[in-house]
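Novice: Supplied in structure tokens, the structure appears directly below.
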Amino acid sequence: MHPLKRNHPLRRIALASAATVSGMVLLLSLKPHTTPDLAVPAPSTGASAPTGSATGTRTVTGESAQTRYGPVQVRITLENGKLTDLTAIAYPRQNPRDQQINGYALPRLRSEALAAQSSDIDTVSGATYTSEGYRQSLQSALDSASG
């Protein structure tokens, strides 16, 4: 009998296992093509003057920080000197990859900034440039609000 015609159950098991594992890896690596639904107003070009009273609610837009992938700009809301809201009004979103990165990075940056009450926040892994621009624009807004 020819050596290739012999039954080799272990070889069949190994090949079937490898094919199953490869198929599962490919199946699990597929991600649905969705865009995060982030409502974002049109970006402005520079820092804006604070609105509202000094002791009440104030809204301040930070300067646009230019990053490698595009500008990042935030708008903050202060109530009695406390940072209560923060919105990214400009960020890179030219392609699906930018949208995916910023879809997870911006909420993390926002929650960290609200918790820290400052621009002293960690960089989000995979979104280094966005994180740096976010911190710069946030610090600009905080400086404008305090001055």
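Novice: Output the number of residues of region 109-138 satisfying the condition of being more than 19 Å from residue 70 (Cβ to Cβ) and of a type outside the set (Ser, Thr, Tyr).
Specialist: Within region 109-138, residues that are more than 19 Å from residue 70 (Cβ to Cβ) and of a type outside the set (Ser, Thr, Tyr) number 9.
Novice: Within the group 146, 137, which residue is of a type in the set (Ser, Thr, Tyr) and either on the phi > 0 side of the Ramachandran plot or open to solvent by less than 50 Å² (accessible area, probe 1.4 Å) (or both)?
Specialist: 137
Novice: Would you mind stating whether residue 101 is under 29 Å from residue 56 (Cα atoms) and either of a type in the set (Phe, Trp, Tyr) or in contact with a helix residue (DSSP H, G or I) (Cβ under 8 Å, 6 or more places away or on another chain) (or both)?
Specialist: Criteria not met by residue 101.
Novice: Follow-up question, since we're still on this one. Hey, can you tell me all the residues within region 98-120 that are hydrophobic (A, V, I, L, M, F, W, C) and open to solvent by 20 Å² or more (accessible area, probe 1.4 Å)? Can you show your working first?
Specialist: We begin by selecting, within region 98-120, every residue hydrophobic (A, V, I, L, M, F, W, C); these are 101, 105-106, 109, 113-116.
Matches in region 98-120: 101, 114, 115, 116.
Novice: Any residue at all in region 79-97 that is open to solvent by less than 50 Å² (accessible area, probe 1.4 Å), in contact with a Pro (Cβ under 8 Å, 6 or more places away or on another chain) and in contact (Cβ under 8 Å) with a residue 60 or more places away in the chain?
Specialist: no
Novice: Count, please, the residues in region 121-134 that happen to be among the aromatic types (Phe, Trp, Tyr) and surrounded by fewer than 20 Cβ atoms within 10 Å (Cβ to Cβ).
Specialist: So the count comes out to 1.
Novice: In region 75-88, how many are of a type in the set (Val, Ile, Thr) and either within 13 Å of the chain's Cα centre (by Cα) or more than 17 Å from residue 144 (Cβ to Cβ) (or both)?
Specialist: Going through region 75-88, the residues of a type in the set (Val, Ile, Thr) turn out to be 76-77, 84, 87.
Restricting the remaining residues to those that are either within 13 Å of the chain's Cα centre (by Cα) or more than 17 Å from residue 144 (Cβ to Cβ) (or both) gives 87.
Residues meeting the conditions: 1.
The values are calculated or read from the model by the stated rules, or taken from the named source; none is laboratory data. Just so it is clear, the model here is predicted, and its values are computed rather than measured. Cβ coordinates were reconstructed from backbone atoms using ideal geometry, including for glycine residues, and neighbour counts include every protein chain displayed. Note: areas computed on protein heavy atoms with side chains; ligands, DNA, RNA excluded. Shrake-Rupley method; radii C 1.70, N 1.55, O 1.52, S 1.80 Å.
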